[in-house]
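Down below is the structure, laid out as structure tokens.
Bear in mind that the values in this text are calculations on the coordinates, not laboratory data. Model, not experiment: these values are computed from the prediction. With ideal geometry, Cβ positions are generated from the backbone for all residues, glycine too; neighbour counts draw on all protein chains shown.
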Amino acid sequence: MNKIGFIGYGSMAQMIAVKLLDQGKIRDDMVVVSSRNDGKTEELKKLYPNVACQSADEIAKQCGLIFICVPPMAVKETLEKIQPFLQEDVHIVSIAAGVELDRLHDWTSGQVTRYIPTLTSEAGIGVSLVVHGERVAEADKSRLEEYLSAFSTVKQINERDIDAASNLTSSSPGFIASIFEEFAQAAVRNSSLTKEEAFQFLIHSLLGTGKLLMEKDMTFAQTLDRVATKGGITAEGAEVIQDAMPEVFDELFARTMKKYEVIKDAVRRQ
């Protein structure tokens with residue numbers, strides 16, 4: 001079986017590699033990593049001694065599946081650098097936001113897929129967004145999706161929707177953390193609770209709500225109906241949120257979508 005390469009080894013690349021190895025989807029002698037961060041690769045090698053650390057050029061020569069895990073503005077340089085060494089049927093998987101398939105096809109002759117991972121996959125849950133280029137063979141699509149399904153739900157999506165969907169998958173842990181940080185702080189300001197107590201209460205509520213939604217196949221509206229008695233305290237609080245949050249989330253999407261366009265424009269000008 002062809003080896004699997006990771007060019008760039010930040011937090012997302014680390015998550016992907018470790019989850020694939022932990023789940024037994026690949027052997028450690030199949031993995032080759034190119035990284036400027038020796039500390040992270042040494043951590044990986046302590047767990048999986050047969051992982052190889054080599055240059056990007058060597059990865060291109062050896063690997064049939066290569067994850068490109070560098071920042072958006074570094075993708076073009078990375079692909080053009082390894083292009084002369086790539087295997088004929090190589091499958092390139094880019095995790096960079098804002099780098100469109102058209103650009104990736106311009107920079108490499110290989111099969112190309114965009115993949116947007118999420119931090120929640122560290123816990124074995126979350127949605128992996130996938131957009132396959134037209135060159136990708138069905139067997140290679142299936143192989144990649146089988147790998148990703150070991151630690152996430154794989155969702156193929158239209159590229160035009162990937163930015164909005166990324167807000168709901170990849171970025172949402174940060175958004176949720178921001179929201180509930182403010183919720184906890186409000187509880188502290190309006191009671192004698194400590195921040196640690198408020199944090200713990202909210203963590204358990206978040207976990208329980210998520211389990212209800214998933215295991216009971218409940219919607220957000222159904223959950224609200226279950227806990228918010230008409231004219232009661234929860235309904236009063238929910239009304240505050242329903243009045244204030246549409247504007248907040250519309251602004252969130254407006255600003256993040258604008259940021260995606262800024263990145264795309266910068267990538268196109270390269």
Counting only DSSP beta bridges with both partners in region 1-157, the antiparallel fraction in percent, to the nearest 5, comes to 15
How many angstrom lie between the Cα centre of region 160-212 and the Cα centre of region 1-70?
32
As computed over region 98-190, the Cα convex hull volume per residue (Å³):
103
Length-normalised contact order for region 45-99 - Cα pairs under 8 Å, 6+ apart - percent
44
With the chain treated as a Gaussian network of Cα nodes joined by springs under 10 Å, which of Asp28, Asp106, Asp250 yields the largest mean-square fluctuation?
Asp250
Report the relative contact order of the chain, percent, no decimals, based on alpha-carbon pairs under 8 angstrom and at least 6 residues apart.
15
P(r) histogram, all alpha-carbon pairs of region 148-205 included - 10 Å bins from 0, percent:
20, 34, 23, 18, 5
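Using Cα pairs under 8 angstrom and six or more residues apart, how large is the relative contact order of region 121-237, in percent? Don't jump to the answer; show the numbers that get you there.
On the way: 67 pairs, mean separation 21.0, N = 117.
About 18 percent, as a whole number.
Step by step: find N for region 207-270, compute 2.2 N^0.38 Å, then divide the Cα radius of gyration by it. What's the final number?
1.71
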Mind checking the angle between helix 195-215 and the chain's longest principal axis? C-alpha axes, 0 to 90 degrees, to the nearest 10.
70
Which residues make up the longest stretch of the chain that has no GluC sites (Glu not before Pro) in a DSSP loop with at most 11 other Cβ atoms within 10 Å?
135-270
Degrees between helix 233-268 axis and first principal axis of the chain (Cα, 0 to 90, nearest 10)
20
Stretch in the chain that is longest and holds no trypsin sites (Lys or Arg not before Pro) that DSSP places in a loop and that have at most 13 other beta carbons within 10 Å
37-215
Local net charge near Ile26, Cβ-Cβ under 14 Å (Lys/Arg +1, Asp/Glu -1):
+1
Rounded to the nearest 500, what is the 222 nm mean residue ellipticity of the chain from helices alone, with -39500 (n - 2.57) per DSSP H run of 4+ residues and division by all residues?
-17000 deg cm²/dmol
Say the cut-off is 20 Å between C-alpha atoms; which of Lys141/Lys264; Lys81/Lys259; Lys19/Lys40; Lys25/Lys76 go over it?
Lys141/Lys264; Lys81/Lys259; Lys25/Lys76
Dimensionless Rg over Rh [region 112-270; C-alpha; Kirkwood]:
1.04
Computed over the chain: longest principal axis from alpha-carbon atoms vs helix 11-22 long axis, angle to nearest 10 degrees, is 80
Please provide three numbers in whole Å: the alpha-carbon extents of region 19-60 along the principal axes, with the largest listed first.
27, 22, 15
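Taking 1 over the mean of 1/r across every pair of different Cα atoms in region 41-105, what Kirkwood radius in Å do you get?
12.9
If Lys and Arg each add +1 and Asp and Glu each add -1, what is the summed charge of the other residues whose beta carbon sits under 13 Å from the beta carbon of Gly8?
So the environment of Gly8 carries a net charge of +2.
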Antiparallel DSSP beta bridges within region 110-202, as percent of all bridges there, nearest 5:
50
